[in-house]
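The values are calculated or read from the model by the stated rules, or taken from the named source; none is laboratory data. Source: prediction; values computed, not measured. Positions of Cβ are backbone-derived with ideal geometry, glycine not excepted, and every protein chain shown enters the neighbour counts. The area values use the complete protein model at the heavy-atom level, side chains included, leaving out ligands, DNA and RNA. Shrake-Rupley method; radii C 1.70, N 1.55, O 1.52, S 1.80 Å.
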Amino acid sequence: MTDRTAPWIDRPSLGVALMLGFCALAPLSDAVSKLLTADFPVLQLVAIRFLVQAVLLAPLVYATGQSWRMSRLGWTLTAARTLLQIVGIWLMVTGLIWLPLADAIAIAFVMPFILLLLGHFLLGEEVGPRRLTACAIGFSGTLLVVQPSFAAVGWPALYPLGVAFVFAAFMLVTRRVAREADPLAMQAASGTMAIAGFALLYAFVPRTGLFDLAPVAGHGPLLLTMGLLGTLAHLMMTWSLRYAPASTVAPMQYLEIPMAAIIGLAMFGDFSNPMAMTGIGVTIATGLYILWRERGAA
């Protein structure tokens, strides 16, 4: 069982490595979700994603002897974190109905800029002027991706911007809760809370529009893969925030973009237009610069 009385020691290199694992798995999970939107309502996919998480992790918590115990504030923040994760996943999967995978993830990459500001002003985390300037340049690259996407599909291009704001708040809450609870137990608690909420929702809300349900027969392997990839990805992100400040690991997520571009090309034949490619290039270059700065500082 984790010793809650031990002094906290950040381990930035481990936090960075775990965030890189998240960057590899998260866009793959999004790609599987995009495949499934042809046959399932988005909210049902989100519910199945959390069902797999709860069924997979709750037994592991007991098997590894982890504690479910948290303070009242910890449980409150875990509930808030769960709600933010549900909303963020719903926004992203909905945006993927209209947008190429790489474009959607690139648009969402205004998040590190938001996160750096929130981490500085709300948590007192140190943010140097060069890192702040680099993230501002990355934001301009994001705008280059938004413009052609908005011209092509209209307002759905803004769904990933909603993801950016929601997940910035999600990561800050995760950083706070991760210092109190074991990541495995926290993710299991989030999955259990989410399933309880979805059970109430589907029990009392008529099956119309957003709340439709589609049969899962024949889709089991893909649904399970989506849930497993998403669960493991967010576990790695949670662990990364346990061991390093949000302002350190957030820039690592820029590496999601080339991974998403490769997956999108392989699975859907997606090609971004020249302006979007320019924006993606600016965003990646900015991320690599920040990585270099972090390595130099370390």
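Which one of the conditions (1) open to solvent by 50 Å² or more (accessible area, probe 1.4 Å); (2) in a helix (DSSP H, G or I); (3) within 24 Å of Arg49 (Cβ to Cβ) does Trp98 fail to meet, given that it meets all the rest?
(2)
For the range 235-251, which positions are open to solvent by 10 Å² or more (accessible area, probe 1.4 Å) and not in a helix (DSSP H, G or I)?
Pro245 - this is the single residue of the range 235-251 that is open to solvent by 10 Å² or more (accessible area, probe 1.4 Å) and not in a helix (DSSP H, G or I).
Give Leu201, Leu232 a once-over and let me know the one that is farther than 17 Å from Leu84 by Cα and part of a helix (DSSP H, G or I).
Values: Leu201 fails: farther than 17 Å from Leu84 by Cα.
Every option except Leu232 fails the conditions.
Can you say whether Arg207 is assigned to a helix (DSSP H, G or I) and open to solvent by 40 Å² or more (accessible area, probe 1.4 Å), as far as the supplied structure shows?
No, not satisfied.
Find all pairs meeting these conditions: Cβ atoms under 7 angstrom apart; at least six residues apart or on different chains; first residue within the range 44-69 and of a type in the set (D, E, K, R); second residue assigned to a helix (DSSP H, G or I).
Arg49/Ile89; Arg49/Met226; Arg49/Gly227; Arg49/Gly230
Given Leu18, Leu45, Leu57, Leu73, which one is part of a helix (DSSP H, G or I) and surrounded by fewer than 20 Cβ atoms within 10 Å (Cβ to Cβ)?
Selected residue: Leu73, the only one of Leu18, Leu45, Leu57, Leu73 that is part of a helix (DSSP H, G or I) and surrounded by fewer than 20 Cβ atoms within 10 Å (Cβ to Cβ).
Does Tyr254 satisfy the condition of being open to solvent by less than 10 Å² (accessible area, probe 1.4 Å), modelled with pLDDT under 80 and in contact with a helix residue (DSSP H, G or I) (Cβ under 8 Å, 6 or more places away or on another chain)? Talk me through it step by step, then tell me what you get.
Working: open to solvent by less than 10 Å² (accessible area, probe 1.4 Å): yes; modelled with pLDDT under 80: yes; in contact with a helix residue (DSSP H, G or I) (Cβ under 8 Å, 6 or more places away or on another chain): yes.
For Tyr254, the condition - open to solvent by less than 10 Å² (accessible area, probe 1.4 Å), modelled with pLDDT under 80 and in contact with a helix residue (DSSP H, G or I) (Cβ under 8 Å, 6 or more places away or on another chain) - is met.
Just to be sure, is Leu223 surrounded by fewer than 18 Cβ atoms within 10 Å (Cβ to Cβ) and either free of Cβ contacts under 8 Å to residues at least 12 places away in the same chain or among the aliphatic types (A, V, I, L, M) (or both)?
no
Out of Ala185, Ala189, Ala157, I need the residue that is over 30 Å from Trp68 (Cβ atoms), part of a helix (DSSP H, G or I) and modelled with pLDDT of 80 or more. Which one? Please lay out each step first, then the result.
On the way: Ala185 fails: over 30 Å from Trp68 (Cβ atoms); Ala189 fails: over 30 Å from Trp68 (Cβ atoms).
Answer to the selection: Ala157.
Step by step: first the residues of the range 200-226, then only those that are β-branched (Val, Ile, Thr) and under 18 Å from Leu56 (Cβ atoms), then the one that is farthest from the chain's Cα centre (by Cα). Which residue is that? Full working, then the answer.
From the range 200-226, those β-branched (Val, Ile, Thr) are 205, 208, 216, 225; that's our starting set.
Restricting the remaining residues to those that are under 18 Å from Leu56 (Cβ atoms) gives 216, 225.
On the way: Val216: 25, Thr225: 17 Å.
If we take residues in the range 200-226 being β-branched (Val, Ile, Thr) and under 18 Å from Leu56 (Cβ atoms), then Val216 is farthest from the chain's Cα centre (by Cα).
Yes or no, residue by residue, for (1) surrounded by 22 or more Cβ atoms within 10 Å (Cβ to Cβ); (2) under 28 Å from Val110 (Cβ atoms); (3) touching a residue at least 12 places away in the same chain (Cβ under 8 Å); (4) not basic (Lys, Arg):
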site	(1), (2), (3), (4)
Pro148	no, yes, yes, yes
Phe167	yes, yes, yes, yes
Phe170	yes, yes, yes, yes
Thr174	yes, yes, yes, yes
Ala178	no, yes, yes, yes
Ala181	yes, no, yes, yes
Ser190	yes, yes, yes, yes
Ala194	yes, yes, yes, yes
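If you take the residues in the range 257-272 that are among the small types (Gly, Ala, Ser), under 14 Å from Ala106 (Cβ atoms) and assigned to a helix (DSSP H, G or I), which one is most open to solvent (accessible area, probe 1.4 Å)? Let's see the steps before the verdict.
Let us first name the residues in the range 257-272 that are among the small types (Gly, Ala, Ser), namely 260-261, 264, 266, 269, 272.
Then drop every residue that is not under 14 Å from Ala106 (Cβ atoms), which leaves 260-261, 264, 272.
Next, from what is left, pick out any that are assigned to a helix (DSSP H, G or I): 260-261, 264.
Values: Ala260: 0, Ala261: 43, Gly264: 2 Å².
Among residues in the range 257-272 that are among the small types (Gly, Ala, Ser), under 14 Å from Ala106 (Cβ atoms) and assigned to a helix (DSSP H, G or I), the one most open to solvent (accessible area, probe 1.4 Å) is Ala261.
With Asp10, Asp3 as the choices, which residue is open to solvent by 60 Å² or more (accessible area, probe 1.4 Å), farther than 18 Å from Ile195 by Cα, at pLDDT below 85 and acidic (Asp, Glu)?
After ruling out the rest, the residue left standing is Asp3.
For the range 129-142, enumerate the residues that are open to solvent by 40 Å² or more (accessible area, probe 1.4 Å), under 20 Å from Asp103 (Cβ atoms) and at pLDDT 80 or above.
Across the range 129-142, the qualifying residues are Ile137, Ser140.
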